Structures are given as C-alpha cells and as structure tokens.
Amino acid sequence: LKATVVVNSTPCSVTCGLGVKQEQLCEVSPAGEHRNCSLVRSRCLSDWICGLRHLSVPEGKPLQLTCLSPDAASLEGPNFGYTWKFAQGLITTNDLLFHPFRNPSRSLSFSPALESHSGTYRCDVQVLSSFQLVKRIYFGLRVIPSDLVDLDFQKSLTWEQQLAANGEEVPANATGPPEHRKGFWEKQWFYEVVLGIGSGVIVGIVFSLGLCCL
C-alpha cells in the first residue's frame, strides 16, 4: 500500500482571506521512501477579515477594486459569490452604515472615478455551496477633485493609519514615529540636565551662605 502525503509547502500568498500555496506531494512506500513526487497549487485560507485599505485617486482616472486575486479565483475548487456594500462619503468599517451595492463580480471598476464615488466599499467572498465567509475587505476610497492640487492623502493620515494602510503592524506602546519619539527623549534629557545643573548651583549658594553665617 502507498499513501500520498504533503512533504513540503510554501506559505500562503496572502496574510488574510483566500490565497494560493504550492505543495509537494509524494507517495510514501511502507519503507518510508518518497516516490513519484509532484508540485500542485491549492487554495489556502488565513484570517478572513482583511480590514480597511485606504485608496486615493484623482477625479477622472480609471480605478478597479478587486476583492479576490485571479490566482485564487481560477484554481479548481468551490465556486464563490461576491457581495458588495457601500457607505457613501464615509471612511468606516461600521457595518451598520453600509447599503447594498449591486455588483456580482469580484472586481468593481470606475471609468472614470468621480467625486461621488468616494466612500467605503465592502466586499464579502462566500463559498456558494456552504455560504462560508472566506474574506471581507473594506476599500476606503477618496476621489480627489480635479481642481485641487498638491494634495497628499498620506500626509492627512496619522502615523498609525499610515502603517495600517501599508499593511504594517503598529508597535506596542508606540506614541508616534521614531523620529518624533527620539526628539521627545532628547528634549526630556536636556531638561533633566538643566534641572540637575540648576539644583547644584542652588545647593552651592545655600552652602556658601551657611558658611558665611558661622
């Protein structure tokens, strides 16, 4: 008798939702030998909540939002359904503020993007046969009016929001960017030195006055 087992596997291609991984399958003989190995690609599922992704685009430019990669969608397996919702004019993850948005596809295209398209789009990906939710992602879209110039959306975000928008983790107990925290500690060190010198001078004066009075 021979059994087929996974002897090696790559990490999932995504950190949330449905992705793709490559596995090495081998037949294992009763003696434990690996034979007839092959590489196969399969779907993988990590945390189904993908959070909020910030986007900005100038008015008049085309834009496409995609809630499932072509690789994951094209692999053999169960079929998926896509449900879109929209919170117009708001950047939010509060599900009570969303309204149904008719679009049965995994992608949502704007040709071109208009200022009225600004808001948050939520996409849910479900397995049609079981209704299992395998991914939820929010797209916070800001369409910049064409008459505005020198508008940098990233600069309008806090440091923590910039990290989240780039998919980075906010360090624990962090209170701002490293350069800001460095400046704070440098200032605090300076104040401590000044305070120490001032205290020493005052003690010296008091000691001198005490000697004069003896």
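The values are calculated or read from the model by the stated rules, or taken from the named source; none is laboratory data. Everything numeric here is computed off the predicted structure, so don't read it as measured data. No Cβ is skipped: glycine too gets one built from the backbone with ideal geometry, and neighbour counts run over all protein chains shown.
Could you check the range 43-75 and list, in sequence order, the residues that are surrounded by fewer than 14 Cβ atoms within 10 Å (Cβ to Cβ), part of a strand (DSSP E or B) and among the polar types (S, T, N, Q)?
Gln64
What do you reckon, is Gly32 under 26 Å from Asp124 (Cα atoms), out of contact with any Asp or Glu (no Cβ under 7 Å at 6 or more places or on another chain) and not charged (D, E, K, R)?
no
Which of the numbered conditions does Leu39 fail, given that it passes all the others? Conditions: (1) assigned to a strand (DSSP E or B); (2) under 27 Å from the mean Cα position of the chain (by Cα).
So Leu39 meets the others, but not (2).
Filter the range 112-142 for residues that are exposed (fewer than 15 other Cβ atoms within 10 Å of the Cβ) and at pLDDT 90 or above; which is nearest to Leu18 (Cα to Cα)? Spell out how you get there, then give the answer.
Step one: filter the range 112-142 for residues exposed (fewer than 15 other Cβ atoms within 10 Å of the Cβ), giving 112, 114-116, 128-133.
Narrowing the set further to residues that are at pLDDT 90 or above leaves 112, 114-116, 133.
Working: Pro112: 29, Leu114: 30, Glu115: 31, Ser116: 30, Leu133: 10 Å.
Looking at the filtered set, the residue picked out is Leu133.
Run down Gly81, Gly17 and say which single residue is within 29 Å of Ser116 (Cβ to Cβ), at pLDDT 85 or above and not assigned by TED's automatic domain parsing to the domain that holds Val125.
Gly17
Inside the range 77-92, can you point out the residues that are of a type in the set (A, V, I, L, M), without any contact (Cβ under 8 Å) to a residue 40 or more places away in the chain and outside any strand (DSSP E or B)?
Leu90
Would you be able to say whether some residue in the range 36-57 is out of contact with any strand residue (DSSP E or B) (no Cβ under 8 Å at 6 or more places or on another chain) and either among the hydrophobic types (A, V, I, L, M, F, W, C) or on the phi > 0 side of the Ramachandran plot (or both)? Working first, answer last.
Filtering the range 36-57 down to residues out of contact with any strand residue (DSSP E or B) (no Cβ under 8 Å at 6 or more places or on another chain) leaves none.
No, the range 36-57 contains no residue that is out of contact with any strand residue (DSSP E or B) (no Cβ under 8 Å at 6 or more places or on another chain) and either among the hydrophobic types (A, V, I, L, M, F, W, C) or on the phi > 0 side of the Ramachandran plot (or both).
Within the range 93-131, how many residues are aromatic (Phe, Trp, Tyr), farther than 16 Å from Cys67 by Cα and in a strand (DSSP E or B)?
0
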